[in-house]
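> Here it is: the structure, laid out below.
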Amino acid sequence: MGWVEAWGLDAVYWLLVTMIVSVLLLSYLYSYLLFSDLQSDMMNPVELCERVNAMVEPQYMSAAVFLALLILRGQLLLAAVAIPVFGSHFNISSMNLHRVDMTTIVSTVWREKQICALRLALLLVIFFYTIFELLKIVVGVQSHGHAWSTLA
């Protein structure tokens with residue numbers, strides 16, 4: 001018996017959601033570190049803009065898939081926690097401000113860093129919730145008599 005049969009599609013869903021949140025969390029952490037490097041003059045604005053702008057579309061697409069998965073599954077409370085993060089994506093991209101501009105980044109780096117920190121905080125809450133849901137599934141499977149050897 002495989003792990004999908006033992007744990008069910010619920011585990012696959014939460015594993016997928018956790019992986020998407022992990023990717024988003026790491027990409028925002030990387031952006032935060034880049035902004036910190038710019039503030040401490042360890043990176044030039046052109047290099048920062050190239051690196052951050054390369055991640056914008058993948059972040060927005062991942063966020064849209066994540067939010068769609070939550071809504072389709074009926075996880076409305078978790079979606080409500082995620083909406084500020086992803087609503088800001090929609091707002092910023094609708095005003096065509098989703099790319100970091102190398103001519104203004106030095107004067108706006110503090111604001112960009114704070115936005116990134118807020119997104120990180122909310123994503124961290126979501127990440128721990130998804131880990132909790134995964135653990136509930138694993139403990140539930142283990143308490144119903146399934147041995148780990150049958151899951152491999």
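> So which residues in the range 76-91 are open to solvent by 40 Å² or more (accessible area, probe 1.4 Å) and without any contact (Cβ under 8 Å) to a residue 12 or more places away in the chain?
Selection gives Leu76, Leu77, Ala80, Phe90, Asn91.
> Residues in the range 31-44 that are more than 30 Å from Leu78 (Cα to Cα) and either open to solvent by 60 Å² or more (accessible area, probe 1.4 Å) or in contact with a Ser or Thr (Cβ under 8 Å, 6 or more places away or on another chain) (or both): how many?
5
> If you take the residues of the range 15-31 that are in contact (Cβ under 8 Å) with a residue 40 or more places away in the chain and under 8 Å from the mean Cα position of the chain (by Cα), which of them is nearest to Cys116 (Cα to Cα)?
Tyr28
> Restricting to the range 45-75, name every residue that is over 17 Å from the mean Cα position of the chain (by Cα) and loosely packed, with under 14 Cβ neighbours inside 10 Å.
Matches in the range 45-75: Val46, Glu47, Glu50, Leu72, Gly74.
> I would also like to ask the following. Looking only at the range 119-142, decide whether some residue is under 18 Å from Tyr28 (Cα atoms), at pLDDT below 90, surrounded by 13 or more Cβ atoms within 10 Å (Cβ to Cβ) and out of contact with any strand residue (DSSP E or B) (no Cβ under 8 Å at 6 or more places or on another chain).
yes
> For the range 1-18, give me the residue count where each residue is surrounded by 14 or more Cβ atoms within 10 Å (Cβ to Cβ) and modelled with pLDDT of 60 or more. Steps first, answer last, please.
Filtering the range 1-18 down to residues surrounded by 14 or more Cβ atoms within 10 Å (Cβ to Cβ) leaves 3, 6-7, 10-11, 13-18.
Checking the rest, the ones that are also modelled with pLDDT of 60 or more come to 7, 10-11, 13-18.
Of the residues in the range 1-18, 9 are surrounded by 14 or more Cβ atoms within 10 Å (Cβ to Cβ) and modelled with pLDDT of 60 or more.
The values are calculated or read from the model by the stated rules, or taken from the named source; none is laboratory data. The model shown is predicted, which means the values in this text are computed figures rather than measured ones. Reconstructed Cβ throughout: ideal geometry from the backbone, glycine too, with neighbour counts over all protein chains shown. Just the protein is used for accessible areas: all its heavy atoms, side chains included, with ligands, DNA and RNA removed. Shrake-Rupley method; radii C 1.70, N 1.55, O 1.52, S 1.80 Å.
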